[in-house]
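Peer 1: After the structure tokens below, expect a handful of questions from me.
The values are calculated or read from the model by the stated rules, or taken from the named source; none is laboratory data. In this text, all values refer to a predicted model and were calculated from it rather than measured experimentally. Positions of Cβ are generated from backbone atoms using ideal geometry, with glycine treated the same way; all protein chains shown enter the neighbour counts.
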């Protein structure tokens, strides 16, 4: 019985070793050539443009712009006071208060726009094209101050 277990372990180990060892010479680029053009744009299987990483020759997918919504209510912001986004992402500030008397004034401490009053159920959006750290306040409620980090 012990001999059968040892033989099976040796066979499994051999298969594992054989499967892990291989010849990399037959690796080809997606277009069937042996070498990839560094820095060139390719079209991926789903039709989106991708850029090749110049150092290792692999495709790096492009990042599609995203939209992030910040809900303003009960003198608070959701999500939290700091969010991180990418360049070309859009942030939407949305006043979800149902009380017609509760308007919020959004102030860009970096001077990206003039002060914006966001009325009941209204929205204000801004697309961030430059990397940086941006601060916003909604006076006089300090709990609504926030920072947006753009990569």
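Peer 1: Among residues belonging to region 53-83 that are in contact with a strand residue (DSSP E or B) (Cβ under 7 Å, 6 or more places away or on another chain) and either at pLDDT 95 or above or within 16 Å of residue 129 (Cβ to Cβ) (or both), point out the one that is surrounded by the most Cβ atoms within 10 Å (Cβ to Cβ).
Peer 2: 68
Peer 1: Further question on the same structure: Taking residue 142 and the conditions (1) on the phi > 0 side of the Ramachandran plot; (2) modelled with pLDDT under 95, which numbered condition does it fall short on, given that it satisfies the others?
Peer 2: (1)
Peer 1: Okay, next question. Please list, ordered by residue number, the strands (runs of 3 or more DSSP E) wholly in region 61-143 having 2 or more residues that are free of Cβ contacts under 8 Å to residues at least 24 places away in the same chain.
Peer 2: In region 61-143, the matching strands (runs of 3 or more DSSP E) lie at 116-118, 132-137.
Peer 1: Only one of (1) surrounded by 12 or more Cβ atoms within 10 Å (Cβ to Cβ); (2) at pLDDT below 95 fails for residue 113. Which number is that?
Peer 2: (1)
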